[in-house]
Amino acid sequence: MAAIEAMDYQIGRLLENIPSDERENTVIIFIGDNGTPNQVAQSPYSAQTAKGSLAQGGINVPMFINGSGVSRTGTDDNLITSTDLFATISEIAGISTPEVNDSKSFKSLLSQSSKIRDYQYSEMDDGTTDEWTISNGEYKLIVNTDGIAEMYNLVNDSYENSNLLNGNLSTIEQNAKLELETELTNIRN
């Protein structure tokens with residue numbers, strides 16, 4: 001909490017010192033890094049589901065955007081990845097390339113509601129663990145190099161407490177798993 005208070009104070013100082021004419025032509029993007037450090041993870045997260053993991057506590061981070069051209073308020077559940085910042089900032093700067101490699105611009109979300117991507121992908125290889133994850137916003141699949149997999153319904157189990165693969169999958173869950181596996185293969189090959 002002290003870190004959040006200090007950050008809030010320092011960002012306030014920064015913004016207060018930008019001349020008003022420059023602020024009128026500035027977009028401020030603030031994004032968290034990859035989760036809370038394991039040593040200070042608090043319930044409902046744990047050291048295994050915070051920073052350094054592919055659990056939501058390690059990869060689902062806040063992002064706030066304000067400034068010139070930003071008219072929407074509230075939250076948005078789009079599947080945005082940090083690589084999307086490249087295409088977005090380029091488009092804000094006037095470069096009309098809304099997609100470069102795996103970076104998709106979400107500039108349109110600053111003023112209107114729309115869907116940017118169907119899947120969100122992330123991977124981790126720290127020398128010990130090599131795994132990857134894909135989500136369609138409702139279901140999430142995590143797979144490692146040993147073939148061990150986990151699957152979660154993020155709508156009903158946002159803290160990933162119940163691995164659906166430990167039980168019998170419904171037809172809807174089986175179809176979601178197949179869809180995620182297919183897209184994962186497309187991305188990784």
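Taking only segment 98-110 into account, find how many residues are part of a loop (DSSP other than H, G, I, E, B) and out of contact with any Ser or Thr (no Cβ under 6 Å at 6 or more places or on another chain).
Here is the first cut: in segment 98-110, the residues part of a loop (DSSP other than H, G, I, E, B) are 98, 101-102, 105-106.
Those left that are additionally out of contact with any Ser or Thr (no Cβ under 6 Å at 6 or more places or on another chain): 101.
Qualifying residue count for the region: 1.
Tell me, please, whether a residue that is more than 27 Å from Leu154 (Cα to Cα), assigned to a loop (DSSP other than H, G, I, E, B), open to solvent by less than 60 Å² (accessible area, probe 1.4 Å) and touching a Leu at 6+ places or on another chain (Cβ under 7 Å) can be found in segment 70-77.
Yes, there is a match, as at least one residue in segment 70-77 is more than 27 Å from Leu154 (Cα to Cα), assigned to a loop (DSSP other than H, G, I, E, B), open to solvent by less than 60 Å² (accessible area, probe 1.4 Å) and touching a Leu at 6+ places or on another chain (Cβ under 7 Å).
If the Cβ limit is 6 Å and pairs must be 6+ apart or interchain, which residue in segment 11-25 that is closer than 17 Å to Gly69 by Cβ pairs with which residue that is β-branched (Val, Ile, Thr) and open to solvent by 100 Å² or more (accessible area, probe 1.4 Å)?
none
I'm told Ser90 meets every condition in (1) closer than 25 Å to Ser158 by Cα; (2) crowded, with 16+ Cβ neighbours inside 10 Å except one. Can you identify the failing condition by its number?
(1) is the only condition that Ser90 fails.
Of these, Ala6, Ala50, Ala2, Ala93, which one is on the phi < 0 side of the Ramachandran plot, more than 18 Å from the chain's Cα centre (by Cα) and modelled with pLDDT under 90?
On the way: Ala6 fails: modelled with pLDDT under 90; Ala50 fails: more than 18 Å from the chain's Cα centre (by Cα); Ala93 fails: modelled with pLDDT under 90.
Result: Ala2 is the single residue among Ala6, Ala50, Ala2, Ala93 that is on the phi < 0 side of the Ramachandran plot, more than 18 Å from the chain's Cα centre (by Cα) and modelled with pLDDT under 90.
Considering only residues that are open to solvent by less than 60 Å² (accessible area, probe 1.4 Å), over 30 Å from Gly12 (Cβ atoms) and free of Cβ contacts under 8 Å to residues at least 24 places away in the same chain, which ones fall in segment 29-57?
Correct list: Ser46, Ala47.
Is it the case that segment 98-108 has a residue that's in contact (Cβ under 8 Å) with a residue 60 or more places away in the chain and either open to solvent by less than 80 Å² (accessible area, probe 1.4 Å) or in contact with a helix residue (DSSP H, G or I) (Cβ under 7 Å, 6 or more places away or on another chain) (or both)?
Checked segment 98-108: no residue is in contact (Cβ under 8 Å) with a residue 60 or more places away in the chain and either open to solvent by less than 80 Å² (accessible area, probe 1.4 Å) or in contact with a helix residue (DSSP H, G or I) (Cβ under 7 Å, 6 or more places away or on another chain) (or both).
Which ones in segment 149-177 are within 15 Å of Gly137 (Cα to Cα), surrounded by 11 or more Cβ atoms within 10 Å (Cβ to Cβ) and either among the aromatic types (Phe, Trp, Tyr) or without any contact (Cβ under 8 Å) to a residue 60 or more places away in the chain (or both)?
Answer for segment 149-177, where residues must be within 15 Å of Gly137 (Cα to Cα), surrounded by 11 or more Cβ atoms within 10 Å (Cβ to Cβ) and either among the aromatic types (Phe, Trp, Tyr) or without any contact (Cβ under 8 Å) to a residue 60 or more places away in the chain (or both): Met151, Tyr152, Asn153, Asp157, Tyr159, Ile172, Glu173, Asn175, Ala176, Lys177.
The values are calculated or read from the model by the stated rules, or taken from the named source; none is laboratory data. Worth saying up front: this structure is predicted, and the values here are computed from it rather than measured. Cβ sites come from the backbone with ideal geometry, for glycine too, and all protein chains shown count toward neighbours. Surface areas here come from the heavy atoms of the whole protein model, side chains and all, with no ligands, DNA or RNA. Shrake-Rupley method; radii C 1.70, N 1.55, O 1.52, S 1.80 Å.
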